[in-house]
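What follows is calculated from the coordinates using simple rules that are stated; it is not laboratory data. Here the structure is a predicted model, which is why all the values come from computation and not from measurement. Neighbour counts run over all protein chains shown; Cβ positions are idealised from the backbone, glycine included.
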Amino acid sequence: MGKAERRRFTAEYKQKVLREADNWQRPGGIGALLRREGLYWSNLSNWRKQRESGELAGLSRKRGPEHREKNPLSDRVRELERENGRLKRRAERAEGIVELQKKVSEILGIELGESAEKD
């Protein structure tokens, strides 16, 4: 046998049961309603308290964080940041190669032209 799960009742269901319970005029009618729905008297009393305090109307809203609209520019920004990082790494690699060429030319005694010495 599996573990029993706790029943969860929607706000609409609670309001429907409370309306039916409020409409019963004959004795024993609420008891029949509770047996038919498989509920306890404490369910009704708790739900009535919730209805009086206004909590029952707020239960129809889904729980959890509110859904926020996705910014249409966020994908573009992410793409540009990725490209920017790639270009920075490439520029650093190119600068490293230029520095290496300068050192090699100094060691070998090769004089560099003006365009290479401007850096």
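Please report how many Lys pairs in the chain have alpha carbons closer than 18 angstrom, counting only residues at least 8 apart along the chain or sitting on separate chains. Before the final figure, lay out each step's value.
On the way: 14/49; 14/62; 16/49; 102/118; 103/118.
Lysine pair count for the chain: 5.
Think of the chain as a dipole: +1 on every Lys or Arg Cβ, -1 on every Asp or Glu Cβ, centred on the Cα centre; then among 23, 108, 54, 23 lies furthest on the positive end.
Against the globular-protein guess of 2.2 N^0.38 Å, express the Cα radius of gyration of the chain as a ratio, rounded to two decimals. Write out the running numbers ahead of the final one.
Values: Rg = 37.0 Å, N = 119, 2.2 N^0.38 = 13.5 Å.
The chain yields a ratio of 2.73.
For the residues 68, 86, what sequence is obtained by ranking on other C-beta atoms within 10 Å, fewest first? Fewest-to-most Cβ neighbours within 10 Å comes out as 68, 86.
Dividing the summed helix terms, -39500 (n - 2.57) for each DSSP H run of n ≥ 4, by the number of residues in the chain produces a 222 nm estimate of -21000 deg cm²/dmol to the nearest 500.
Taking other C-beta atoms within 10 Å as the exposure proxy, 47, 24 rank 24, 47 from fewest upward.
Below 8 Å between Cα atoms, with a sequence gap of 6+, how large is the relative contact order for the chain in percent? Don't jump to the answer; show the numbers that get you there.
Working: 25 pairs, mean separation 24.0, N = 119.
RCO, the chain: 20 percent.
Please give the contour-minus-distance gain from residue 16 to residue 111: 0.36 nm per residue of separation, less the Cα-Cα distance, rounded to one decimal in nm.
Numbers: separation 95, 0.36 × 95 = 34.20 nm, distance 9.28 nm.
Using 0.36 nm per residue and subtracting the Cα-Cα distance, I get 24.9 nm.
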